[in-house]
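What follows draws every value from the coordinates through simple rules; no lab data is involved. Keep in mind it's a predicted model, so treat the numbers as computed, not measured. Ideal geometry is used to build each Cβ from the backbone, glycine not excepted, and the neighbour counts take in all protein chains shown.
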């Protein structure tokens, strides 16, 4: 074993360098898996919200889950969106037909909401993922 | 062309991001100690609330019109600002972050107006913040274009050529010209120059003789001659200042000492974060100027030059307290105090002294303090002269949650 001394700003420190057979993985620098890379495509436009209520249980969104919402993503028909209806935040499935826009819950208990021109309605972003922690 | 991107009522817009029901209501944001109004929604402007106005003077208007009041939440504003600046990079790599809510971009292409419009649209969509874009040949002109953009419907204004510039400048009061400052605009007005156009037609030599090169540059910039580049490199701070207004006036020396220790500690912490040393230390204290009844008004300030510039908490705090002892007058009640660090230099560039034993022993102690505070949360390690954990110091009664910087504070929705 060889001891090598390096110097940083304040201290000397030593690194042990073994003189045996070099690790076959030594020159492959793979980065660790990073959840941010996996879940967040556009960090500048992504927000997180914690939800409660059972209205979206049909698509697997339950009370206590944390949603990842991308504001830059364009909503399509059947996208799950975070939107504002008359000043209230809602998470619903977007249903656009030729003559109306509907917000549909993923739970039979709740009626669809029809958006009319008299509503103040804005889509804030598309729900990209839901995080559920067990522990 | 130079694009100035400026966020509209930035702090208010940030607060509205997570409170959409306030979109059309009057909203204001207060300064650090809930003292003055520092950001107003357009509805609040219409009610006659003024920028910088002490909030107690506006009490009636706020109460009668149901104005929503927020304490300043700079963590939130900083995060939103970072996102906007990052997002702007998709339009140009040549980007200068000018302030928390303003940036200059240099873009060379055709169809500038359309690029401006897509910036407005893109930033609104991705970050939720409304911005205005002023486009012109120079920074000074883009500032003027930006002012017009703010009032226009599409939030974007282009000064295409000298001819449009001339038309606009004849309607621009001299005080609205960027970079002139109050004193010079007063000087101009006294000399019969009231619009940007008449300033632009002043004799160059006269300006150089009577005023200075910077004023001349501003004049040239109005002609479309680029004097100020868009520089994407980080501009180092020239000084660091930590000051606060106290919620209740302080007449007790011991208590003031604690606050000044806090300010010195925080200033030194900022200094160390930026890898700097300080040469000159300044402390000031101020009595309450709104209280007419008792005592004289007093503003005490004094500075001290370190023999060897320092970034040591102990030294900065120690000398701040010595300065305080020299400026403190008994029998007055103080409203505000502050610590200012001037003449900053990079941490490894300093003039040492043979007179003084340059004590490096403390360096590692200082590093440990920073390390522990970073690891276990702010201000876990403090000096005994401080009282930073006394929450009564800063009043932030209407603080919004830190929606974007803490998992515990993210928005909770009932869906």
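Structure notes:
- Radius, Kirkwood style, for the protein assembly as shown when every pair of distinct Cα atoms is counted (Å): 27.9
- For a label point 7 Å along the Cα-to-beta-carbon line of residue B:93, residues of region B:107-134 with backbone N under 17 Å: B:107-109
- Acute angle (nearest 10 degrees) that the helix B:74-88 long axis makes with the longest principal axis of chain B, alpha-carbon atoms: 40
- Per-peptide packing, taken as the mean over residues of other Cβ atoms within 10 Å, places B:23-29, B:225-231 in the sequence B:23-29, B:225-231 from highest down.
- Distance between the modelled labels on residue A:34 and residue B:398, one decimal in nanometres: 3.9 nm (7 Å Cα→Cβ projection).
- Between residue B:108 and residue A:111, the simple spin-label model (points 7 angstrom out along Cα→Cβ) gives 6.2 nm.
- Helix content alone sets the calculated 222 nm mean residue ellipticity of chain B: runs of n ≥ 4 DSSP H residues at -39500 (n - 2.57) each, divided across all residues, give -11500 deg cm²/dmol.
- Take each residue in B:122-132, count the other chain C-beta atoms within 10 Å of its C-beta, and the mean is 3.
- Ordered by the count of other Cβ atoms within 10 Å of each Cβ, fewest first, B:221, B:160 give B:160, B:221.
- Extension gain from residue B:329 to residue B:302, taking 0.36 nm per residue of separation minus the Cα-Cα distance: 8.4 nm
- Hull volume in cubic angstrom per residue (convex hull over the Cα atoms of chain B): 196
- Among B:253, B:319, the order by Cβ neighbours within 10 angstrom, fewest to most, reads B:253, B:319.
- Using equal-weight Cα scatterers in the Debye expression, the normalised intensity of region B:24-107 in log10 at q = 0.11, 0.27 Å⁻¹ is -0.40, -1.20.
- Per-residue mean of foreign Cβ neighbours for B:14-21 is 3 (Cβ atoms of other chains, 10 Å radius).
- Ratio of Rg to Rh over region B:149-200 (Cα coordinates, Kirkwood Rh, two decimals): 1.04
- Counting Cβ atoms of other protein chains within 10 Å of each Cβ in A:56-69 and taking the mean gives 1.
- Stokes-Einstein, applied to the Kirkwood radius of region B:152-306 over Cα pairs at a viscosity of 0.692 mPa s and 37 °C, places its translational diffusion at 161 µm² s⁻¹.
- Burial ordering of B:67, A:51, B:347, fewest other beta-carbon atoms within 10 Å first: B:347, B:67, A:51
- Quarter of Cα convex hull surface for region B:1-152, i.e. mean projection, nm²: 8.9
- Each 5 Å bin from 0 upward holds the following percent of the Cα-Cα pairs of region A:49-131: 3, 15, 27, 28, 19, 6, 1, 0.
- Site pair residue B:66 and residue A:88 shows an inter-label distance of 1.8 nm when each label is modelled 7 Å from Cα along Cα→Cβ.
- Peptides A:36-43, B:334-341 ranked from most to least packed, by the mean per-residue count of other Cβ atoms within 10 Å: B:334-341, A:36-43.
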